[in-house]
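The values are calculated or read from the model by the stated rules, or taken from the named source; none is laboratory data. These numbers were taken from a predicted model, which means no experiment stands behind them. For neighbour counting, all protein chains shown are included, and Cβ atoms are generated from backbone atoms with ideal geometry for every residue, glycine included.
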Amino acid sequence: MKLISLNKTYPQDWIRQITHIANLFFEDSKVAKKEQEVDLKVHFTSQVDEDYTVHATCELQEQASGATFYTTFDQPYETLGTDHEQNIRLKRAVSYVLLEALEQLTDMHQKWGILTGIRPTKLYHKFRKQGYTKEAIREKLVTEFRLSHEKIDLLERIVAVQLKTIPDLDTIGDEVSIYIGIPFCPTKCAYCTFPAYAIQSNRKQGRVNTFLDGLHIELERMGQWLTENDMKITSIYWGGGTPTSIEADEMDALYETMYKHFPHPETIREVTVEAGRPDTITSEKLAVLRKWGIDRISVNPQSYTDETLKAIGRHHSVQETIDKFWLAREEGMNNINMDLIIGLPNEGLEEFEHSLAESEKMMPESLTVHTLSFKRASEMTHNRDKYQVADRKTAEAMMHRAHEWTDEHDYAPYYLYRQKNILGNLENVGYSKPGEESIYNIVIMEEVQTIIGLGCGASSKFVDAQTGRITQHHNPKEPAAYILTYEEAIEKKIEILNELYGKKVQK
Ligand code: SF4
């Protein structure tokens, strides 16, 4: 943790951005209130010239060593821009000079430059839609955002695959996608902050049944609205929790309700069911998935080292993952995703190589490589000292191996997102065999259409296709709260949908 003083009072949005940049180098950095003893003193200047060039300078002094670093930034623009645009440009310039100064101080290089947001590809698409050429986008990302060419190469590859997978990506806002959250799991993983409540105890307390009753009603009501408004569904994603933690007959009943009430089932491009925990997969449940033509499932090893699985609280073995993968194959599932996580406790390059070697035996249609992130509410973050995780260099080497291995085995990156407190300031990347990309993962990451969330912990994002404005609604995470509020939530979501799409439900 570093305490930083600034030469003057800056607006709150600038302070937030300055803190984000400092956090790329030091955990939990803070901008000091007046007269505190600080670790770093920062003096910025920033201005816009008459020819619209934006200038910024930074003088960074480390108090302990007395070392001082100076950096400068100049970026010409063609127009003066609105006040809002000027503020963004100046804030970006200040971020840039601070990043360079901190890189000099720490000798750390941030390949994502000043980008601290979750979706770098969304920024790329924004410039693309504004008419910038590929070369002009690269230039902007280097000179204004200080991105490395390595990361820009990755963005370019991802965007190209996305546009091939969804050629109508820029107009897909006419349709919606659906997320359905089942908030139960056999046990809770140590890094998890998803709604994932122990299925057994919740079943004993009757919460599984009451939750399912509510979800059937949500599916029905939302299907009714979509039908009455003649909306097409692009993709459906069953997540959670683990949607296969409920019984086969309960899954069957839910899919029946979904297909009975959702409009135009023949034009839905993809339905995914997360079967992340191998200990929930059975032949019976796979038969239900097959019966309803579920296109894609996810069986998630996370690691192929038993000690790691034990350490993170996933009460299943490596062998069970492998067995369940082959069972799913035998039962006809021909689009299987597998997740791996870089940086799990006590894992280094050797364990990750082992995970890749095991993956090679199965060759799932897609492989999603996550980097461990320390989410505030997770058990792992609360007891961080208990867990030994890879250092920045090792995490980077593991991610590099993931890029190499996927290239060697004909997978291409097709979506990417970043998280707060992510190990090594890295990223999560979904790789896929050609033609097996998840449409849902693309539309949710790029925020190109409305996603209606049903069930526990489901976030709805209502995207205004004209303005890009996003309105959010969050269903409660806990089954007990969901049971009490789902009817209200349905009404609220329908109200927002009516406002956005301008049609009224005929009752
Ligand atoms: S299986 Fe997934 S949702 Fe369930 S506890 Fe583990 S990380 Fe969370």
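When segment 228-252 is filtered for residues that are farther than 17 Å from I336 by Cα, hydrophobic (A, V, I, L, M, F, W, C) and either without any contact (Cβ under 8 Å) to a residue 24 or more places away in the chain or not in a helix (DSSP H, G or I) (or both), the ones remaining, listed by number, are M231, I233, I246. Apart from one condition, H315 fits all of (1) out of contact with any Gly (no Cβ under 6 Å at 6 or more places or on another chain); (2) surrounded by 19 or more Cβ atoms within 10 Å (Cβ to Cβ); (3) not in a strand (DSSP E or B); the exception is (2). Residues being part of a helix (DSSP H, G or I), modelled with pLDDT under 95 and surrounded by fewer than 21 Cβ atoms within 10 Å (Cβ to Cβ): count how many of those fall in segment 401-424. Looking only at that region, the number is 0.
For segment 172-202, the set of residues classified as buried (at least 20 other Cβ atoms within 10 Å of the Cβ), outside any helix (DSSP H, G or I), among the aliphatic types (A, V, I, L, M) and in contact with a Cys (Cβ under 9 Å, 6 or more places away or on another chain) consists of I182, A196, listed by residue number. Applying a threshold of 7 Å to beta carbon distances and a minimum spacing of six or more residues, or different chains, the list of pairs starting in segment 274-285 at a residue that is assigned by TED's automatic domain parsing to the domain that holds M251 and farther than 15 Å from S317 by Cα and ending at one that is away from the ligand (no atom under 15 Å from the Cβ) and not in a loop (DSSP other than H, G, I, E, B) reads T282/A248; S283/L327; E284/A248; K285/A248; K285/M251. Applying the criterion of being of a type in the set (G, A, S) and over 20 Å from the mean Cα position of the chain (by Cα) to the residues of segment 180-201, the residue that is farthest from the ligand (Cβ to nearest atom) is S201. Of the residues in segment 197-207, at least one is under 30 Å from E307 (Cα atoms) and of a type in the set (A, V, I, L, M). Residue count for segment 240-282 satisfying the condition of being within 24 Å of I199 (Cα to Cα), away from the ligand (no atom under 16 Å from the Cβ) and in contact with a strand residue (DSSP E or B) (Cβ under 6 Å, 6 or more places away or on another chain): 1. Residues that are out of contact with any Ser or Thr (no Cβ under 7 Å at 6 or more places or on another chain), more than 18 Å from E379 (Cβ to Cβ) and either outside the structural domain of E250 (by TED's automatic domain parsing) or among the acidic types (D, E) (or both) do occur in segment 302-320.
For (1) within 16 Å of the ligand (Cβ to nearest atom); (2) farther than 30 Å from E487 by Cβ; (3) free of Cβ contacts under 8 Å to residues at least 60 places away in the same chain; (4) part of a loop (DSSP other than H, G, I, E, B), each residue gets a yes or a no:
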{"site": "A160", "(1), (2), (3), (4)": "no, yes, yes, no"}
{"site": "K164", "(1), (2), (3), (4)": "no, yes, yes, no"}
{"site": "D170", "(1), (2), (3), (4)": "no, yes, no, no"}
{"site": "T210", "(1), (2), (3), (4)": "no, no, no, no"}
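When you look at K91, is it within 19 Å of E59 (Cα to Cα) and either out of contact with any strand residue (DSSP E or B) (no Cβ under 8 Å at 6 or more places or on another chain) or surrounded by fewer than 17 Cβ atoms within 10 Å (Cβ to Cβ) (or both), yes or no? The answer is yes for K91. Counting only residues that are over 30 Å from E350 (Cα atoms) and crowded, with 18+ Cβ neighbours inside 10 Å, segment 266-291 holds 10 of them.
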